[in-house]
Amino acid sequence: MAKFEIKAKDGLARIGRFTTKHGAVKTPLLMPVVHPGKSIISPQALTDEFGFQMVITNSYIINSHERFRNKAVSEGIHALLDFAGPIMTDSGTFQMYFHNLPEEEIEPIEIVEFQRDIGSDIGTILDVFSDPDVGRTKVEEDVQKSLERAKVSIDKKGEMLLAGTVQGGAFPDLRETAARALAAMDFDVHPIGGVVPLMERYRYADIVKITLAAKKHLPLDRPVHLFGCGHPMFFAQAALLGCDFFDSASYAKFAESGRMLLPSGTMHLSELTELPCSCPICSGTSADDLKSMEKSEQGTMLMKHNLYVSSAEMRNVRQAISDGKLFQLAAYRARGHPTLYEALQVMMEDNMQFEVEDPIGKTSSIFYTGVETTKRPEISNFHSRVIKRYPYRHSNTVLIVTDSGLRPFSDTSDVIIKEVRKRTPKELILLFVTPMGVVPWELEHVHPAQQCIFPMKLDLETLGIVSERTRELLETMKYQKLIWFMRGTNVEPALAKISSDYSVETFQSATDTIKQLPIEGNESSWTRRKLHALLTYQWGENAGKLADLDSLQVILSKSTGKIRHCKRNDDILFTIVPNTGLLTPTYQGGLELLRVRIDDTYQVIMDSDVSEFIASGKSALAKFVKLASPQLKAGEEVLVLDESQNLLGTGRALISGLEMISFNRGVAVAIRHPRKS
């Protein structure tokens, strides 16, 4: 069984650790393609000079040449390549397709056995490559033949990790069929095959469709390899789709034709007067000097440039995942070519897949990159949860305040907020309408409510989404009066679209607006009002009851005036994390959540054999999780219990409930407050 664990997530992307016989690697990663006999840059140099962790070579080529085969068989593939790190081997599928070789050229079982016998860390089955332009009937035949070969190859892998390739041409449903079948087999890695022709024809939108189709059905604990993806301009978007491995022969092929790879596209040396980047090649020579070099020397220099750029972009991708900014990086890169941007749009059409996987409780700011920004999963998830869980739906008056979101609401609407604090939700509800959608006042500090930076002039699609989200929330409410405080903001055209459907009173000054508010009724505890909304937002209706606990104290920060802690009898129950706006329960807070019977979604049941370790503060490991909800998202604050429902501690889920059940390695929950603290 492959040893894969997740360290961080963003969208469908994940920072992972994958362990092989020759060492562990960090994913997402790029494997340079190495030819066993004519690689100008040695595999060891790829690691030492360029920072690559693993390489890939072709077992068909090795097996077809006696001098390569003899050494590989007698000494192993690591000796053949003079490389001590992990090595993946391909089976020759692409060569069969590219050179139109006869079917008997490679025997499927023999090539798997050969890869095993020469010591490959990861071998690959001999699947059938389908040209994306052939008809469906032919692709269906190819998929069935690939699956038949996969079944007979599994028992031959021995201790070698084996990759089962998902084929299906450009047909998403056939990719799903193949993925479902392969998921039931004992593979360790799943390449998405047959994409090189799509890449060469810039059909990135098709790659998005088939990758998402396959990802729906592939086991979560197996890395996904986008076979043949070697151009850095697509790394960010492919990683966002959930691809963990990439391989590249492009660094050499492009160099041979005088082309330079960049994250923004491809440049031809012949057209340059300046070199385009700060890699050691570009910063150490000039365009004229590079053009004047001997062809072989020039090719080596361009090859090195391509490797430096590709390695750096993969590091950028991993850092962006860690920072929760991969979507932003992918959006920037998509502007490098119209077909990449089309692919980004297609990806956002299937936004539900991203909403399900995207972690809760991110901290990073969200910068507007285009019409896709308002569809980002962080924003969509916030809106969906508000629609489902915002507890205040009946009021005398609903007050809408438009806000550009460039400064905290407490700065732009201080006078209005003071009035809201004097009233109960039954008297007055305040909704901020911003470029990301509707933000109820009680949830103003929850990410990403005040972490979104949009321009002052918004595109029509964003305005349409804001309008629809406002309408969707208003449709769930009952009220006597709807007031709109107009302030000339960038989202007012969105409200103008729906104002004709509602009886709305509009005002353009705070003074006039306040005059229309209901008279103050019973004394309002605005801190408990906020706490109730936040508890409900995080853990559901039952959790909201804790805001009504007797002797509950809500402690405000002296510097910001925001809620900082909730205490009872000198015990802190909850603390608000400033950069997420969410509550973290202490152990005592966890007991209270248990008492009110919060949803099972937020309870992770551990093997009782490890109870004492977790109760002492050790992380809850995925291999010991007995039960976790499929609805649990990474990033949620959860209760960790033993099999007898005893609370062991509270903490943050690092992976989803489905992943907790799927993985046998890595941390499931980072314990914040153990029982024995």
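Scanning region 19-37 for residues that are touching a strand residue (DSSP E or B) at 6+ places or on another chain (Cβ under 9 Å), in a strand (DSSP E or B) and not basic (Lys, Arg) yields 19, 20, 24, 25, 27, 29, 30, 31, 32, 33.
The condition (being of a type in the set (Lys, Arg), under 18 Å from residue 246 (Cα atoms) and surrounded by 15 or more Cβ atoms within 10 Å (Cβ to Cβ)) is satisfied by just one residue among 69, 14: 14. Of all the residues in region 255-286, those that are touching a strand residue (DSSP E or B) at 6+ places or on another chain (Cβ under 8 Å) and either modelled with pLDDT under 95 or part of a strand (DSSP E or B) (or both) number 7. When every residue of region 351-368 is checked against the conditions, at least one turns out to be assigned to a helix (DSSP H, G or I), touching a helix residue (DSSP H, G or I) at 6+ places or on another chain (Cβ under 9 Å) and among the acidic types (Asp, Glu). Within region 614-633, is even one residue surrounded by fewer than 24 Cβ atoms within 10 Å (Cβ to Cβ) and under 24 Å from residue 527 (Cβ atoms)? Among the residues of region 614-633, not one is surrounded by fewer than 24 Cβ atoms within 10 Å (Cβ to Cβ) and under 24 Å from residue 527 (Cβ atoms), which makes the answer no. Each residue in region 383-414 was checked for being within 19 Å of the chain's Cα centre (by Cα) and closer than 13 Å to residue 434 by Cα, and 1 of them qualify. Tallying residues that are in contact with a Leu (Cβ under 8 Å, 6 or more places away or on another chain) and among the hydroxyl-bearing types (Ser, Thr, Tyr) within region 618-677 yields 3. Only a single item in (1) of a type outside the set (Gly, Ala, Ser); (2) assigned to a helix (DSSP H, G or I); (3) not assigned by TED's automatic domain parsing to the domain that holds residue 320 is not met by residue 340, and it is number (3). A single entry from 327, 409, 354, 382 fulfils the requirement of being modelled with pLDDT under 95, among the hydrophobic types (A, V, I, L, M, F, W, C) and touching a Gly at 6+ places or on another chain (Cβ under 8 Å): 354. One residue stands out in region 38-47 among those that are part of a loop (DSSP other than H, G, I, E, B) and of a type in the set (S, T, N, Q): the one that is farthest from residue 314 (Cα to Cα), namely 39. In region 96-121, the residue that is nearest to residue 151 (Cα to Cα) out of those that are surrounded by fewer than 17 Cβ atoms within 10 Å (Cβ to Cβ) and either among the hydrophobic types (A, V, I, L, M, F, W, C) or outside the structural domain of residue 145 (by TED's automatic domain parsing) (or both) is 109.
Counting only helices (runs of 4 or more DSSP H) that sit wholly inside region 587-677, those with at least 1 residues that are under 22 Å from residue 549 (Cβ atoms) are 587-595.
Looking at region 181-221 only, could you name the residues that are out of contact with any strand residue (DSSP E or B) (no Cβ under 8 Å at 6 or more places or on another chain) and of a type in the set (Ser, Thr, Tyr)? Residues satisfying the conditions are 202, 204. Taking the criterion of being crowded, with 22+ Cβ neighbours inside 10 Å and among the charged types (D, E, K, R), the only residue of region 123-141 that qualifies is 127.
Among the residues that make up region 381-388, is at least one of them touching a Cys at 6+ places or on another chain (Cβ under 8 Å), in the same structural domain as residue 484 (by TED's automatic domain parsing), surrounded by 21 or more Cβ atoms within 10 Å (Cβ to Cβ) and assigned to a helix (DSSP H, G or I)? Checked region 381-388: no residue is touching a Cys at 6+ places or on another chain (Cβ under 8 Å), in the same structural domain as residue 484 (by TED's automatic domain parsing), surrounded by 21 or more Cβ atoms within 10 Å (Cβ to Cβ) and assigned to a helix (DSSP H, G or I). Is it the case that residue 165 is touching a residue at least 24 places away in the same chain (Cβ under 8 Å), of a type in the set (S, T, N, Q) and within 26 Å of residue 80 (Cα to Cα)? Spelling it out, residue 165 is indeed touching a residue at least 24 places away in the same chain (Cβ under 8 Å), of a type in the set (S, T, N, Q) and within 26 Å of residue 80 (Cα to Cα). Where strands (runs of 3 or more DSSP E) fall entirely within region 135-236, those with at least 1 residues that are more than 25 Å from the chain's Cα centre (by Cα) and assigned by TED's automatic domain parsing to the domain that holds residue 249 are at 161-163. Among the residues of this structure, residue 629 does not count as one that is more than 17 Å from residue 671 (Cα to Cα), of a type outside the set (Phe, Trp, Tyr) and at pLDDT below 95. Of all residue pairs spaced 6 or more apart or on separate chains, those with beta-carbon atoms under 6 Å, a first member in region 609-622 that is in contact (Cβ under 8 Å) with a residue 12 or more places away in the chain and a second member that is in a helix (DSSP H, G or I) are 610/624; 620/614; 622/660. For region 428-437, the criterion of being within 21 Å of residue 561 (Cα to Cα) and touching a residue at least 40 places away in the same chain (Cβ under 8 Å) is met by at least one residue.
Checking each residue in region 560-605 for being of a type in the set (D, E, K, R) and touching a residue at least 60 places away in the same chain (Cβ under 8 Å) picks out 562, 599.
Taken together, 148, 176, 200 contain a single residue that is without any contact (Cβ under 8 Å) to a residue 60 or more places away in the chain, surrounded by fewer than 18 Cβ atoms within 10 Å (Cβ to Cβ) and farther than 18 Å from residue 112 by Cα, which is 200.
Report whether or not residue 163 is in contact with a Lys or Arg (Cβ under 7 Å, 6 or more places away or on another chain) and crowded, with 19+ Cβ neighbours inside 10 Å. Answer is no for this residue. Scanning region 72-95 for residues that are surrounded by fewer than 23 Cβ atoms within 10 Å (Cβ to Cβ), small (Gly, Ala, Ser) and in a helix (DSSP H, G or I) gives 74, 79. State yes or no: is residue 303 touching a residue at least 60 places away in the same chain (Cβ under 8 Å) and closer than 24 Å to residue 38 by Cβ? For residue 303, the condition - touching a residue at least 60 places away in the same chain (Cβ under 8 Å) and closer than 24 Å to residue 38 by Cβ - is met.
Can we say residue 349 is surrounded by fewer than 17 Cβ atoms within 10 Å (Cβ to Cβ), among the acidic types (Asp, Glu) and modelled with pLDDT under 95?
For residue 349, the condition - surrounded by fewer than 17 Cβ atoms within 10 Å (Cβ to Cβ), among the acidic types (Asp, Glu) and modelled with pLDDT under 95 - is met.
The values are calculated or read from the model by the stated rules, or taken from the named source; none is laboratory data. All values reported here derive from a predicted model rather than from experimental measurement. Quick reminder, even Gly has a Cβ in these numbers, built from the backbone with ideal geometry, and neighbours come from all protein chains shown.
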